[in-house]
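Asks: Have a look at this one before I ask anything.
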Amino acid sequence: MDALIFVAAFLFGWAVGVGIALSTWTVYGFINPYGQAGFPLIIFLMIGECFYALGGSLLRKSSIAKQLLADRRPSSDLQIATIFGIAGLGLTFAYDLLTNFATYMFLASSFYQALLIGIVTGAPFALLHEASNLLIFALASPAGIVAARRVTLSHWSFSRQ
């Protein structure tokens, strides 16, 4: 879900990415195998998911992204994978930090304590989440962007004939 929101914002802009982030968490927050996300946690989950929309829309402004969108051969596939992977890792770290803090925000005696408890108890999932998103963002996101761009160009040229 994170990479899809990132790619949507990369291709269509921040507003589309945020709209998808909010709507997916509205659904997933209530229809979830682990149970419904309570209030105010659902708000923090939605805000955290918007990080991916922000990241995708900001990365679109980079020179690598412009090469990727213009169908020019980027300087290096490894460079693209590295940039997208690091973006995914950083955004996921921020998401996990925010949501793990929010989980204990009203259960702990201070915000600092909530942050520490959230970091410690959330570490196993956070590490798995961050590692998997590093790989997904590095490998699948650029491929998804190129594929979407080719489908769009193909459709556009077909409809003009």
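Asks: Could you list GLU130, GLU49 in order of exposure, starting from the residue whose Cβ has the fewest other Cβ atoms within 10 Å?
Replies: GLU130, GLU49
Asks: Report the Cα-based extents of the stretch 65-119 along its three principal axes, largest first, to the nearest Å.
Replies: Dimensions of the stretch 65-119 along the principal axes of its Cα atoms: 54, 17, 11 Å.
Asks: Helix 77-104 versus the longest principal axis of the chain: what is the Cα-based angle in degrees, 0 to 90, to the nearest 10?
Replies: 20 degrees
Asks: Among ILE145, ILE83, ILE5, what is the fewest-to-most ranking by other Cβ atoms within 10 Å?
Replies: On the way: ILE145 22, ILE83 19, ILE5 27.
Starting with the residue having the fewest Cβ neighbours, the order is ILE83, ILE145, ILE5.
Asks: Using helices alone, what [θ] at 222 nm do you get for the chain, with -39,500 (n - 2.57) per DSSP H run of 4 or more residues, divided over all residues and rounded to the nearest 500? The partial results should precede the final answer.
Replies: On the way: 6 runs with 132 residues, N = 161.
Helix-only estimate at 222 nm: -28500 deg cm²/dmol.
Asks: Convert each backbone phi in the stretch 28-33 into a coupling constant with the Karplus relation 6.51 cos²θ - 1.76 cosθ + 1.60 (shift: θ = phi - 60°), then list the ³J(HN,Hα) values in order as whole Hz, x for Gly and Pro.
Replies: 5, x, 9, 10, 9, x
Asks: Here's something else I'd like to know. Report ³J(HN,Hα) in whole Hz for each residue of the stretch 34-49, in order, from the Karplus equation J = 6.51 cos²θ - 1.76 cosθ + 1.60 where θ = phi - 60°; Gly and Pro get x.
Replies: 8, x, 6, 7, x, 8, x, 4, 4, 5, 5, 5, 5, 4, x, 5
Asks: I'd like the Kirkwood hydrodynamic radius of the stretch 1-65, using the inverse of the mean 1/r over distinct C-alpha pairs, in Å. It would help to have the intermediate numbers written out before the result.
Replies: Details: mean 1/r = 0.0843 Å⁻¹.
Hydrodynamic radius (Kirkwood, Cα only) of the stretch 1-65 equals 11.9 Å.
Asks: What is the order of PHE44, PHE12, fewest Cβ neighbours within 10 Å to most? The partial results should precede the final answer.
Replies: Numbers: PHE44 20, PHE12 17.
With the fewest neighbours first, PHE44, PHE12 line up as PHE12, PHE44.
Asks: Shifting gears a bit: Lys/Arg Cβ at +1, Asp/Glu Cβ at -1, dipole of the chain taken about the Cα centre: which of ILE86, PRO142, SER23 is farthest positive-ward?
Replies: In the chain, that residue is PRO142.
Asks: Moving to a separate point now. What is the dipole size for the chain, taken about its Cα centre, with +1 at each Lys and Arg Cβ and -1 at each Asp and Glu Cβ, in debye to the nearest 20? Walk me through the numbers before you get to the answer.
Replies: Values: 8 positive and 6 negative charges, 147 e Å.
The dipole of the chain has a size of about 700 debye.
Asks: How about the stretch 50-117: which trypsin sites (Lys or Arg not before Pro) there lie in a loop by DSSP and see at most 12 other Cβ atoms within 10 Å? It would help to have the intermediate numbers written out before the result.
Replies: Numbers: sites: ARG60, LYS61, LYS66, ARG72; in loops: ARG60, LYS61, ARG72.
Listed in order of number, the matching sites are LYS61, ARG72.
Asks: Which value in Å does the Kirkwood hydrodynamic radius of the chain take, with 1/r averaged over all unlike C-alpha pairs and then inverted? Please report the intermediate quantities before stating the final value.
Replies: Details: mean 1/r = 0.0596 Å⁻¹.
Mean inverse Cα-Cα distance, inverted, gives 16.8 Å.
Asks: At 0.36 nm per residue, and after removing the present C-alpha to C-alpha distance, how many nm does the segment from GLN113 to LEU58 gain when stretched out fully? Kindly include the intermediate steps, with their values, before the conclusion.
Replies: Numbers: separation 55, 0.36 × 55 = 19.80 nm, distance 3.26 nm.
Gain on stretching GLN113 to LEU58: 16.5 nm.
The numbers here are math on the coordinates, done by the rules we state, and not lab data. Just so it is clear, the model here is predicted, and its values are computed rather than measured. A quick note on method: Cβ atoms are made from the backbone with ideal geometry, for glycine too, and the neighbour counts reach across all protein chains shown.
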